[in-house]
1. Suppose we filter D:Glu179, D:Glu142 for residues that are more than 20 Å from the chain's Cα centre (by Cα), more than 19 Å from D:Leu242 (Cβ to Cβ) and not assigned by TED's automatic domain parsing to the domain that holds D:Leu265; which single one remains?
2. Find the residue count for the stretch A:60-97, including only residues that are β-branched (Val, Ile, Thr) and open to solvent by less than 10 Å² (accessible area, probe 1.4 Å).
3. What tally of residues in the stretch C:63-104 results from selecting those that are assigned to a strand (DSSP E or B), at the interface with chain B (Cβ under 7 Å from one of its Cβ atoms) and among the hydrophobic types (A, V, I, L, M, F, W, C)?
4. Could you tell me whether the stretch B:77-85 includes any residue that is more than 9 Å from chain C (Cβ to nearest Cβ) and surrounded by 24 or more Cβ atoms within 10 Å (Cβ to Cβ)?
5. Please give the helices (runs of 4 or more DSSP H) falling wholly within the stretch A:62-154 in which 3 or more residues are at the interface with chain D (Cβ under 9 Å from one of its Cβ atoms).
6. Being within 13 Å of chain D (Cβ to nearest Cβ), of a type in the set (S, T, N, Q) and open to solvent by 10 Å² or more (accessible area, probe 1.4 Å): is that true of B:Ser71 here?
7. I'd like to verify a number: residues in the stretch B:63-103 that are over 25 Å from C:Leu25 (Cα atoms) and assigned to a strand (DSSP E or B), how many?
8. Would you please name the residue that is nearest to the other protein chains (Cβ to nearest Cβ), looking only at residues in the stretch D:54-108 that are surrounded by fewer than 17 Cβ atoms within 10 Å (Cβ to Cβ) and in contact with a Cys (Cβ under 9 Å, 6 or more places away or on another chain)?
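The values are calculated or read from the model by the stated rules, or taken from the named source; none is laboratory data. The structure displayed is predicted, hence computed values, not measured ones. So basically every Cβ, Gly included, is an ideal-geometry build from the backbone, and we count neighbours across all protein chains shown. All accessible areas refer to the heavy atoms of the entire protein, side chains included, with ligands and DNA or RNA removed. Shrake-Rupley method; radii C 1.70, N 1.55, O 1.52, S 1.80 Å.
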Amino acid sequence: MKRLSALAFILALPTAALAAEVAPGEVSFDGMAVSEPVAKSAGDPEAGREVFVDRGLGNCLACHQNSEIENAQFPGNVGPSMDGVASRWEPGQLRAIIVNAKEIFGPDTIMPGFYTLDVGVDVAEDRKGETILSAQQVEDVVAYLATLEQESAQ
Amino acid sequence: MTHLTRRKLFTLAAGAGTLAVAANLPRTANATPEEAQKAISEFTGGKEPQSGKITLTAPEIAENGNTVPISISVESEMTGDDFVESVTLMAEGNPNPEVATFLFTPLSGRAEATTRIRLAKTQNVVAVAKMSDGSVYSDRKEVKVTIGGCGG
Amino acid sequence: MAAPRIRVKVPSSASAGEVITIKTLISHEMESGQRKDKDGNTIPREIINNFTCEFNGTKVFECQLDPAISSNPYFEFYAKVPESGTFKFTWQDDNGETYTEEKDIEVS
Amino acid sequence: MKKTAILLTGVVTLTTLALAPRVLADPVDEALTIDGQEIITTAPAPTEPEGHPFDEVRSGWLYREPDTRSMEADSFENPGMLAVERGEEIWNTAEGEAGQSCASCHEDASEFLKGVGASYPKWDEASGKPINIELFINKHREEKMGAEAYKFDEDAQKDLTAFIKNQSLGIPVEIDLSEGDMMSWWEEGKERYYLRTGQLNLSCATCHEQNNGRYIRADHLSQGNTNGFPTYRLKQGALVSLHNRFRGCIRDTRAEFPDAFSDELMALEVYTAWRGGGLSVETPAVRQ
């Protein structure tokens, strides 16, 4: 209960302070976190779950196991399990990892930056200047991951 | 959003096609177990298959749905009037449930066969045997079809 | 498409009444009729739709194939050989062609 | 506060993992014999030049599921052998203005070709570059046979390459880096191997070195050795050439990819062939 209300507070706080979408190059890392949301609207956990699963969007299951998604077939194990991830990371930290994991884990991590233009060379023509996810999708995934408390892992 | 997703997936698929023969996997709407049931019923003449006698061997996990090894084996002397007439293979989750039908004769010696099949996704595969005395038997196995990495 | 290549594995000898293993492989794309080309047009189906094995003119084994059979169709099956003779293998293509192969066996 | 502490521990662990390449590898421990020929599927990593990331090199065969492994182990069941047979026909067929076939000059293919497929890419003095089997075939077609060079990935190119490599089945890959300028191509190739490309920002090493043994979805990440190419892939139901695979992997990082046989990819072939040195030629290997 206490945790839930704390979480609600964390999520609600930035919502109140929302102004404009933050461009990929403008995201400010505050230590290990990106405290300010990058999109105008608050994240929608349901939509975030879609992005998490969708192979053309987040494709997060390619690397992360996640018990919350029933019948998820063949999740990869290149990254850690997402079970209880919200008990280990705060939303600002989750946001930072999604925006650009290399800022948090260093340049060697396999995890792509989902909201950065600091990417590899020779980007495909149809992807140039684009981020993998939109600002709103980043917020949606953050909101979704924030629901994955330890208790929800079965 | 759905539109965008599909477009992106399509772009990836098109890219793949320029490099190699694109996978020949069925991509259209899939059959339902009911349709497979109907096709089985046509094969058996409406008879409800019993369990036993027939064994379907399939991998628990197929590394690629395009090439899945499958074997069927039916207990039978395969002599005189006691032999296996035919065995049909159905895939419950493919666009069309029919996969293949094997016809045996007393010269077959054994009612066993192995082939390689295409499975569009994780699904049940069903084998139904029709014996010379008119009785029918079936076996069913789930095959998990793997999903590839970043490129699909 | 080039003429398909065929591989057949039959033991060269056996004893009378023995049940032998036969393996066959034929190169064929098995175009399922469910794929689209890059302009979005459906690529017409062209598969091997039937395979038979005969021994001295009598049918041993047959398979009716649907598009769910993988490219380069592979079969492994059995045959009881009563006498010396010839196995004949026939593949029937959707395009009307048939491809055949024969193998002799010595039975003692 | 607490979360920050955990976070820092997480960072340390992950960094450690990233620095230690052989973290997790669960390929099977099984022997492979094809037609009575023993296949070397694990070997001590090459020591010259220094800097190989692994102690032991492993064939991709060890990373595959049982059904895929057995399809390669029985040469009759391996559909790639259909292509090898076609390749043999091509070897014996005269083409071009000179009315010559490969066999016209190199009579006994199995003797002449023994080991050839294990030693490429090789330095080519005339072009001042390394060439692979495909380019060697094209060179001979143009210069000796008066025939047209094969286009990239046309069936005949894959079939003939597979036939030539198959004549070295079981022979360990060993390329000669001392010839010509091979070492600088090796260096170039190494750079390319670690170059991160595309929107997904991945290099060859990210998957095949740092995460070798793990899974991306159902893809069991191998060391990415090249000893089985051209390879019969279940996905395509056809032979897939090495440069096709290089390009496919780079494309999957959402990047533009180099031309087949371009300097970049030839350098990468030199470097990756060296990385898998000591493993038997497996062509045509069977992979997912």
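1. Numbers: D:Glu179 fails: not assigned by TED's automatic domain parsing to the domain that holds D:Leu265.
Answer to the selection: D:Glu142.
2. So the first thing to find is which residues in the stretch A:60-97 are β-branched (Val, Ile, Thr), and the list is A:69, A:78, A:85, A:97.
Going one step further and asking which of them are open to solvent by less than 10 Å² (accessible area, probe 1.4 Å), we end up with A:85.
Looking only at that region, the number is 1.
3. Of the stretch C:63-104, the ones assigned to a strand (DSSP E or B) are C:63-65, C:69, C:74-81, C:85-93, C:98-104.
Narrowing the set further to residues that are at the interface with chain B (Cβ under 7 Å from one of its Cβ atoms) leaves C:63-65, C:69, C:74-80.
Filter once more, so that each one left must be among the hydrophobic types (A, V, I, L, M, F, W, C): C:63, C:65, C:69, C:75, C:77, C:79.
Here the count works out to 6.
4. Among the residues of the stretch B:77-85, at least one is more than 9 Å from chain C (Cβ to nearest Cβ) and surrounded by 24 or more Cβ atoms within 10 Å (Cβ to Cβ), which makes the answer yes.
5. On the way: elements: A:85-88, A:91-105, A:135-145.
So the answer is A:91-105.
6. On the way: within 13 Å of chain D (Cβ to nearest Cβ): yes; of a type in the set (S, T, N, Q): yes; open to solvent by 10 Å² or more (accessible area, probe 1.4 Å): yes.
Against the criterion (within 13 Å of chain D (Cβ to nearest Cβ), of a type in the set (S, T, N, Q) and open to solvent by 10 Å² or more (accessible area, probe 1.4 Å)), B:Ser71 qualifies.
7. Result for the stretch B:63-103: 2.
8. Across the stretch D:54-108, the extreme among qualifying residues is D:Thr93.
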